[in-house]
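I have placed the structure first, in the form of structure tokens, so that the comments after it can refer back to it.
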Amino acid sequence: MKVLLLGSGAREHSIAWKLRQSPRLSRLWAAPGSDAISGLAEIARVNALDPASVAAFCRENAVDLLFVGPEAPLEAGVADAARAAGIKVFGPSREAARLETSKAFAKSFMSRHRVPTARSLVAHSAADAKAAAREFAGSCAVKADGLAAGKGVVVCGSLAEAEAAADALSATPAGARLVVEERLEGPELTAMLLVDGKNWSALPLSRDHKRLLDGDAGPNTGGMGALSPAPIAPADWKRARSEIFDRTLAGLRADGLDYRGALYVGLMMTADGPRVIEYNARLGDPETQTVLPLLDADLLTLAERCADGRLGEGPIPAAAGACVGVTLASPGYPDSPRAGVDIDLSAVDGMPGVMIFHAGTRKTDGGWRAVGGRVLTVVGRGGDLAAARSRAYEAVAKVRAPGLLWRSDIAAATASSGV
Ligand code: AMP
Ligand code: GLY
């Protein structure tokens, strides 16, 4: 099969790596791709955000499957255009992707279909949002409605903080509307579902580490590290399946939303059971980099089955063991990353049980140079989370990249507590 993969991050690097393992793959293109991805795929000269040109590329090159990595092409309507041109697509329609691209849409979807989530109010101005925050006595999360690259949410402990967040977020392009919701407490968990329009099947559970600094301190980021599989109590898993995943799928069908692709469900395990914190209309980053290596199945076939509406029921085979991924980021990340750190990976190349997935890097004569905020995901694999974590940090220590930042406690709490 011929496949076009859209995206350029470490998530897409890991998707390209996994697709390459499929005996059914005959040709792989990526757009825009990256220097690292170009080791696995041909770079396609096509604008990933332009539906007409993506559809034309697919037709001209007889692409069998379009695999959409990030959310921006979904919001641009790329999946719809390619489907209309008769191409199989792994990625939801623009309308269905509103589960991610509009938080107000997602909240109203969950309320209509009785999917457990935090109580919330939609505000059309900073003043409305402040009034909403008073309903929750300041203990709330203030969220920009639209896409904000992980910077659209402020979790608040006081009314003063919530008021400041309402002012700040309402001044951003994504913040024409704000969602204010009650603050929930509990461990977070990522469930990534493959969806074929009718059925869902869960990839191994994972956990992101969103805060910049050790001990979950500092600002929210795109994700500083991840682990998989994340443990879950059997009772919570049962409730998540029936109250969240089944109801979400039934809701999509009832609303006539064409959802064929990955559905990311961000969960919080509260004392009252699992609650949805957010939906994303794609795979997670950096979670995917820790989940795909554990997948004992052909990703190309799974994606094709989603696109065709014939995924079927049942779990997706996963190998034993665990993965831990550590994000290496440029100095100044997330607010004002300073690109330019030189990276020497020669000491980690070929290390057993280690995979390096590139986000913002460029190839240089002797090695790599950091060009983005998040630069690498260093993934270690082992028999359990503790072994995977040691392997990942052994590799991180061998990456020569003076100035790159990383957290030293990814997976530490989960590996030691099992929660
Ligand atoms: P989101 O972009 O909606 O996933 O929010 C980013 C992060 O903010 C989440 O991963 C949580 O850590 C936190 N968060 C979001 N909503 C809430 C909430 N209602 N209560 C507590 N924390 C939240
Ligand atoms: N890791 C969070 C996300 O992909 O949105």
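The values are calculated or read from the model by the stated rules, or taken from the named source; none is laboratory data. Since the structure is predicted, the reported quantities are computational estimates derived from the model, not experimental observations. Counting neighbours? That spans all protein chains shown, and the Cβs are built from the backbone with ideal geometry, glycine included. Heads up: the accessible areas ignore ligands, DNA and RNA and are worked out on the full protein's heavy atoms, side chains in. Shrake-Rupley method; radii C 1.70, N 1.55, O 1.52, S 1.80 Å.
A few points about this structure:
- If you check 365, 349, 344, 296 for being acidic (Asp, Glu), touching a residue at least 40 places away in the same chain (Cβ under 8 Å) and open to solvent by 30 Å² or more (accessible area, probe 1.4 Å), only one passes: 344.
- Among residues of segment 101-125 being within 14 Å of ligand 1 (Cβ to nearest atom) and of a type in the set (Lys, Arg), the one that is farthest from residue 282 (Cα to Cα) is 119.
- Selection from segment 131-154 of residues that are over 27 Å from the mean Cα position of the chain (by Cα) and either within 16 Å of ligand 2 (Cβ to nearest atom) or open to solvent by 50 Å² or more (accessible area, probe 1.4 Å) (or both): 134, 135, 137
- Within segment 309-318, tally of residues that are part of a loop (DSSP other than H, G, I, E, B) and either surrounded by 13 or more Cβ atoms within 10 Å (Cβ to Cβ) or at positive phi (or both): 5
- Taken together, the residues in segment 230-249 that are open to solvent by less than 60 Å² (accessible area, probe 1.4 Å) and either within 16 Å of ligand 2 (Cβ to nearest atom) or among the aliphatic types (A, V, I, L, M) (or both) amount to 6.
- Failed condition for residue 255, given (1) away from ligand 2 (no atom under 16 Å from the Cβ); (2) touching a Lys or Arg at 6+ places or on another chain (Cβ under 9 Å); (3) over 22 Å from residue 83 (Cβ atoms): (3)
- Residues in segment 155-178 that are within 16 Å of ligand 2 (Cβ to nearest atom) and either in contact with a Ser or Thr (Cβ under 7 Å, 6 or more places away or on another chain) or open to solvent by 30 Å² or more (accessible area, probe 1.4 Å) (or both): 155 only.
Quick grid of which residues meet (1) aromatic (Phe, Trp, Tyr); (2) within 16 Å of ligand 1 (Cβ to nearest atom); (3) in a loop (DSSP other than H, G, I, E, B):
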{"residue": "96", "(1), (2), (3)": "no, no, yes"}
{"residue": "99", "(1), (2), (3)": "no, yes, no"}
{"residue": "127", "(1), (2), (3)": "no, no, no"}
{"residue": "142", "(1), (2), (3)": "no, yes, no"}
{"residue": "154", "(1), (2), (3)": "no, yes, no"}
{"residue": "165", "(1), (2), (3)": "no, yes, no"}
